[in-house]
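Working notes for the structure below.
The values are calculated or read from the model by the stated rules, or taken from the named source; none is laboratory data. Owing to the predicted nature of the structure, the values given are computational and were not obtained by experimental measurement. All Cβ positions, even for glycine, are placed from backbone atoms using ideal geometry, and neighbour counts span all protein chains on display. SASA here: full protein model, heavy atoms, side chains in, ligands and nucleic acids out. Shrake-Rupley method; radii C 1.70, N 1.55, O 1.52, S 1.80 Å.
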Amino acid sequence: EVVNRSGSVIVNVKDLQRLVKKAAKDSVRLIDVKPDQAEITLSGELGERTHYLPAYPEDEWQEPVPNIPVRDADGRFLETLRQVQPFASTDETRYVLNGAAIQQHEGSHLLVTTDGHRLCASQPLSLPLERDLIVPPHKFALWTKLSPDCALGADGRYFRLVSGPWSLTVKQIEGEFPRWRQILPRHEDPKTFTLHPDDLPAFEEAVRTLPGQQSVIPTDGDTLLFLEQDGKLTLECTNVETGKHQRTLPRSRADAEVWIPLQRGYVLQAVKAGFTTWRMQDSLCPIQSDTEDGAIHVLMPMRYEGEAKFPAPGKARQEDQPDPAETPNPQPEPQKEDAMSMNPPEYDPTDAEGQPPDNTVPFPVPEPRQEPESLEDLLVMVQDTRAQVRDLNKSLGDIASFIRSQKKQDKQLRSELSNARGVLEKLRDIAA
């Protein structure tokens, strides 16, 4: 129940949630008492309690959004949005790729997301939208408890979603979404591999447990090789310490010459979204998966650190390497001038007639470097250089150790501050 005595009132939502969460079965009355204070009364099994929260002036609230008319949309919209959103970018510097693009296609609409390494386009949907737009990521729109029956509307700036008693209006992402249809791979005589549904638990376990994988969070280093062995799909990875590891999926099938390294976390997310059959041209081109309802998923291959089946581009095969006996002795390249050399100082302290400026310190002139006159002198210079390198490495190690110590102390201090903040909040609740 909300009792308005002087118009609208603005309170901190986290403070309000903290109170209401502790009184889930109580009745709540919100009363605006003063311009800078709101009175909240809870009534329930524990009796009636009154709390006071700071209130803020009404003019500090953002400008009201327009009341956009909505029309009924395809009941699969919210589920589809939850399916494609994980494939969007989370890089704040690429904000256009953070959202889901709603685009018109052959009389229907597609939801498309990409992060630059993979792309997902949904099955066709019937939506009451007359223009293309980009919907920003929002936790409310991804809430699984929303009713699938929804209505949508949009104007030039805002997008509105209505589901049951809830209404969400957000500002659209401004910018041009990539022309993704131009980058779809065109496979000629493609090779395919398919993950059988019965092998999905074994596949997920392999993704999690094969060496080099600490978690299912996608990172650039978590590469897994997909290859064919006796017609079956085999997973392979090469670990620096433990060597090569393989895991064969007995019911999954692969065509001959299937050999492609992929990001294991990305493949796992795509498989969970229903993309199980993939086609490829070679180990350097993107692979694509299509579902029966028309959804598309494109995934870029990764660089493989293990034993390669095909030579990398720009590198010669082993048998094409020249014979070392026939290779002429390499000639030393002429030394290039150091691009980072210092400019000569404006003031030369060796000049007897010159006078140093009042606000400068005389720059020391280094002694000319002596050239080695014999092999012994050269060996001495090499030993001195090695000693200087060791001292430099020791200094760098001390600096790194100091930085780690400071980070550890900073982390401990943040933890103590967080604990103290929690204690203060509890004390404030008790006092209230």
Inset, instruction - Identify all residues within region 50-78 that are out of contact with any Cys (no Cβ under 9 Å at 6 or more places or on another chain), over 17 Å from VAL170 (Cα atoms) and aliphatic (A, V, I, L, M); write none if there are none. - result: LEU53, ALA55
Inset, instruction - Evaluate the following for LEU225: is it open to solvent by less than 40 Å² (accessible area, probe 1.4 Å), touching a Phe, Trp or Tyr at 6+ places or on another chain (Cβ under 9 Å) and not in a strand (DSSP E or B)? - result: no
Legend entry - When residues of region 26-53 are limited to those that are open to solvent by 70 Å² or more (accessible area, probe 1.4 Å) and in contact with an Asp or Glu (Cβ under 7 Å, 6 or more places away or on another chain), the one modelled with the lowest pLDDT: ARG29
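Could you tell me which residue of region 284-305 is modelled with the lowest pLDDT, considering only residues that are closer than 14 Å to ILE260 by Cβ and open to solvent by 20 Å² or more (accessible area, probe 1.4 Å)?
The first filter runs over region 284-305 and keeps only residues closer than 14 Å to ILE260 by Cβ, leaving 284-289, 298-304.
If we keep only those that are open to solvent by 20 Å² or more (accessible area, probe 1.4 Å) as well, we get 284-286, 300-304.
Details: LEU284: 88, CYS285: 91, PRO286: 93, MET300: 93, PRO301: 92, MET302: 87, ARG303: 76, TYR304: 69.
Step by step, filter region 284-305, then rank; the result is TYR304.
Per-residue answers, yes or no, for (1) touching a helix residue (DSSP H, G or I) at 6+ places or on another chain (Cβ under 7 Å); (2) at pLDDT below 95; (3) open to solvent by 20 Å² or more (accessible area, probe 1.4 Å):
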position: GLY99; (1), (2), (3): no, no, no
position: GLN103; (1), (2), (3): no, no, yes
position: THR114; (1), (2), (3): yes, no, no
position: LEU127; (1), (2), (3): yes, no, no
position: LEU133; (1), (2), (3): no, no, no
position: CYS150; (1), (2), (3): yes, no, no
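Can you name every one of the strands (runs of 3 or more DSSP E) wholly within region 67-167 that holds 1 or more residues which are aromatic (Phe, Trp, Tyr) and touching a strand residue (DSSP E or B) at 6+ places or on another chain (Cβ under 6 Å)?
Numbers: elements: 100-105, 108-114, 118-121, 133-135, 151-154, 158-163.
Those strands (runs of 3 or more DSSP E) span 158-163.
Name the residues in region 58-73 that are closer than 22 Å to LEU129 by Cα and either under 32 Å from the mean Cα position of the chain (by Cα) or aromatic (Phe, Trp, Tyr) (or both), would you?
Here is the first cut: in region 58-73, the ones closer than 22 Å to LEU129 by Cα are 65-73.
Matches in region 58-73: VAL65, ALA73.
For every residue, the table says whether it meets (1) closer than 21 Å to HIS196 by Cβ; (2) outside any helix (DSSP H, G or I); (3) out of contact with any Leu (no Cβ under 7 Å at 6 or more places or on another chain).
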site	(1), (2), (3)
GLU241	no, yes, yes
LEU249	yes, yes, no
ARG253	yes, yes, no
GLN269	yes, no, yes
PHE275	yes, yes, yes
TRP278	yes, yes, yes
GLU292	yes, yes, yes
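Looking for something more than 37 Å from the chain's Cα centre (by Cα), at pLDDT below 80 and in a loop (DSSP other than H, G, I, E, B) - is there at least one such residue anywhere in region 11-22? Step through it out loud before you land on a result.
As a first pass, look at region 11-22 and keep what is more than 37 Å from the chain's Cα centre (by Cα): none.
Scanning region 11-22 turns up no residue that is more than 37 Å from the chain's Cα centre (by Cα), at pLDDT below 80 and in a loop (DSSP other than H, G, I, E, B).
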